[in-house]
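Enquirer: Before we start, here is the structure in question, set down as structure tokens.
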Amino acid sequence: MFVSQSSPANASADAGASASEGALLERRATLLGPTYRAFYRNPIHLVRGSGVWLYDAQGRKYLDAYNNVASVGHCHPRVVEALSGQAATLNTHTRYLSEIILDYAERLLGTLPPHLGHAMFTCTGSEANDLAIRIAQHSSGNTGVIITDFAYHGATIATAQLSPAAVGAKGMPAQHRTVAAPDTFRNQGRAARDFARNVAAAIEDMRAQNVRPAALLLDSAFSSDGIFFPDASVMREAADHVRKAGGIVIADEVQSGFGRLGQGMWGFANYGLEPDIVTMGKPIGDGHPMAAVIVRPQLVASFGSNTGYFNTFGGNPVAAAVGIAVLDVIEGEGLVENARTVGAYTGELLRALQGRHAMVADVRHNGLYFGVELTAEGDEALASTRTSAVVEAMREDGVLISSCGPRGNVLKIRPPLPFARDNAEQLAETLDRTLSRW
């Protein structure tokens, strides 16, 4: 069982910090209400960030192995300069003419396949997925959406209803369907092999209820489901089933995009997919609230003339400046290649732990995205409890990670893209120490 390693010498400092954080939590609950949830049993009061590091109010340094929001590193100087420079010049409503948003759209579209010809900007990934669903339903004339059974796609009404990880399967409208995630670990990977067949079965079930599919909405890394990277041919077959039934394919790149998987900019390309719509958020702005929908032009021709769309803040001049800076940093600092090489090295270190700790049942990774599945002699509840304890212990030891999956027993490791080999070694050594406590 895990026991805190705090030393007596630090006891008074820890007590003071706890009192301060306790007051902040009380104030937070009073002012913000019960829906805001903080990470960790002992939440961190962060005051500064730089690169892959975060610092708390007591000056303690944490290795960030979780945040894909600050994709090119916390407070990257080039991004900060672009943001502040444009904010000091002009930031206004998006319905005025602006050259910088066109420059950004051109740069962003240049990273994607040529069949995706239009960019539409929002402020969050939730908004992006919401807009993508609207376009899919309008262009197809259909209503049903197929998702995986523990997916998360957003916080609007439409996207929350397509996020069983947040609201449960009972929160989904009757026209939508879930399919088992392509789990490459359990039952010798049967769910992964059967993924396309399961999508076809969902379409048939829709037809039986006089529903037709508007879209297959997929997170390219199956992040909430437990982080899986199935065989490409199965993914393409699933997409074919949906298209033959009159629907389209939406690739949700909010978690897997912008070079994280180390084989290019976009996760869907790893499967050889040609999505009809791509949505993106979190890492697009290195922490600045911005997101986008990239779409086949023919899908929005009717939508644009009959329904229309605008977003007061989506694609504003400051957001465009930030977006350009992020692309500059990814390219200029070779961060896609870094994700590939450091990701491979980190994967080796994590797989080595599998041989030393019986708790480590599986290690899945692509680039700088890792899922470490923990087990507890077949006891799912105990595995979940231990996984939470590992996350908490890592935080106490100065490394920030999280967990995911329907059983809550997968360590979710997703560091900023400048993550280096020595950072990987610290991560693995800290996890090794933590696992040794059981």
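The values are calculated or read from the model by the stated rules, or taken from the named source; none is laboratory data. In this text the structure is predicted, and so the values were computed from the model without any measurement. When we count neighbours, we look across all protein chains shown, and the Cβ atoms used for this are built from the backbone with ideal geometry, even at glycine. Just the protein is used for accessible areas: all its heavy atoms, side chains included, with ligands, DNA and RNA removed. Shrake-Rupley method; radii C 1.70, N 1.55, O 1.52, S 1.80 Å.
Enquirer: Report the net charge of residues surrounding residue 366, where surrounding means a beta-carbon distance below 12 angstrom and charges are Lys +1, Arg +1, Asp -1, Glu -1.
Expert: Around residue 366, the charge tally is +4.
Enquirer: Something else: Hand me the tally of lysine pairs in the chain: alpha carbons under 29 angstrom apart, and the pair either on different chains or 8 or more positions apart.
Expert: 6
Enquirer: When ligands, DNA and RNA are left out and all protein chains stay put, how many square angstrom of accessible area per residue does the chain have with a 1.4 Å probe?
Expert: Heavy-atom SASA per residue in the chain reads 43 Å².
Enquirer: Over the chain, what is the mean sequence separation of C-alpha contacts under 8 Å (at least six apart), divided by residue count, expressed as relative contact order in percent?
Expert: 21 percent
Enquirer: Near the amide H of residue 124, under 5 Å away, which other amide H atoms are found, from residues 5 or more places off or on another chain, if H is placed in the peptide plane?
Expert: Amide H neighbours of residue 124, under 5 Å, 5+ apart: 291.
Enquirer: Add -39500 (n - 2.57) for each DSSP H run of 4 or more in the chain, then divide by its residues: what number comes out at 222 nm, to the nearest 500 deg cm²/dmol?
Expert: Result for the chain: -12500 deg cm²/dmol, rounded to the nearest 500.
Enquirer: Now for a different question. Please sort 61-74, 172-185, 39-52 by packing, taking for each peptide the average over its residues of neighbouring beta carbons within 10 angstrom, highest first. List each step's numbers first, then the result.
Expert: Details: 61-74: 22.4, 172-185: 19.5, 39-52: 15.1.
In decreasing order of mean packing, 61-74, 172-185, 39-52 become 61-74, 172-185, 39-52.
Enquirer: Also: When each pair of different Cα atoms in region 93-161 is counted once in the 1/r mean, what is the Kirkwood radius in angstroms, to one decimal? Kindly include the intermediate steps, with their values, before the conclusion.
Expert: Values: mean 1/r = 0.0705 Å⁻¹.
Result for region 93-161, one decimal place: 14.2 Å.
Enquirer: Taking 0.36 nm per intervening residue step and subtracting the Cα-Cα distance, what contour gain separates residue 309 from residue 356 on full extension?
Expert: Length gained between residue 309 and residue 356: 11.5 nm.
Enquirer: Right, something else. Tell me the relative contact order for region 179-220 as a rounded percent, counting alpha carbon contacts under 8 Å between residues six or more apart.
Expert: 27 percent
Enquirer: Still on this model: List the GluC sites (Glu not before Pro) within region 358-438 that DSSP assigns to loop and that have no more than 15 neighbouring Cβ atoms inside 10 Å.
Expert: Of the GluC sites (Glu not before Pro), the ones in loops of region 358-438 whose Cβ has at most 15 other Cβ atoms within 10 Å are 377.
Enquirer: While we're looking at this one, here's another question. Per the Debye formula with a single identical scatterer at each Cα and no solvent contribution, what log10 I(q)/I(0) holds for the chain at q = 0.06, 0.08 Å⁻¹?
Expert: -0.26, -0.46
Enquirer: Any idea what the dipole of the chain comes to, in debye rounded to 20, about its Cα centre with Lys/Arg Cβ at +1 and Asp/Glu Cβ at -1?
Expert: That gives the chain a dipole magnitude of about 660 debye.
Enquirer: Can you order the peptides 262-273, 296-307 by their average number of other Cβ atoms within 10 Å per residue, highest first?
Expert: 262-273, 296-307
Enquirer: Go through 66, 131, 174 and say which Cα lies farthest out towards the positive end of the charge dipole of the chain; charges sit on Cβ, +1 for Lys and Arg, -1 for Asp and Glu.
Expert: 174
Enquirer: Residue 301 label point, 7 Å along Cα→Cβ, cut-off 15 Å on backbone N: hits in region 82-120?
Expert: Once the point is set 7 Å along Cα→Cβ of residue 301, 116-118 turn out to lie under 15 Å by backbone N, inside region 82-120.
Enquirer: For a quick check of your reading of the filter: which trypsin sites (Lys or Arg not before Pro) in region 286-377 sit in a DSSP loop and have no more than 11 other Cβ atoms within 10 Å? If you can, show how the numbers build up before the last one.
Expert: Details: sites: 340, 351, 356, 364; in loops: 356.
Hits after loop and neighbour filter: 356.
Enquirer: Given the C-alpha centroids of region 90-141 and region 325-388, what is the distance between them in whole angstrom?
Expert: For region 90-141 versus region 325-388, the Cα centre distance is 32 Å.
Enquirer: Taking a quarter of the surface of the Cα convex hull of region 285-351, what do you get in nm²?
Expert: Mean shadow area of the hull around the Cα atoms is 7.2 nm².
Enquirer: Mind jotting down the distance between the C-alpha centroids of region 195-261 and region 271-323, whole Å?
Expert: Computed from Cα coordinates, the inter-centre distance equals 20 Å.
Enquirer: Please name which of 121, 434, 46 has its Cα lying farthest along the dipole of the chain towards the positive end, using unit charges on Cβ (Lys, Arg +1; Asp, Glu -1) and the Cα centre as origin.
Expert: So the residue furthest toward the plus end is 121.
Enquirer: Let's see if you can work this out: charge +1 on each Lys and Arg Cβ, -1 on each Asp and Glu Cβ, no other charges. What is the dipole magnitude of region 183-290 about its Cα centre, in debye to the nearest 20?
Expert: Once rounded to the nearest 20, the dipole reads 200 debye.
Enquirer: Let me know the shape class of region 62-135, please: from the alpha-carbon gyration tensor, a ≥ b ≥ c as square roots of the eigenvalues, rounded when a/c is under 1.5, otherwise prolate if a/b is greater than b/c, or oblate.
Expert: Numbers: a/c = 1.70, a/b = 1.17, b/c = 1.46.
Note, shape of region 62-135 comes out oblate.
Enquirer: For region 280-438, would you read off the P(r) tail past 26 Å as a percentage of all alpha carbon pairs?
Expert: Numbers: 5496 of 12561 pairs.
Of all Cα-Cα pairs in region 280-438, 44 percent lie more than 26 Å apart.
Enquirer: Nearest 20 debye, what's the magnitude of the dipole of region 268-349 about its Cα centre given +1 on Lys and Arg Cβ and -1 on Asp and Glu Cβ?
Expert: Magnitude of the dipole: close to 320 debye.
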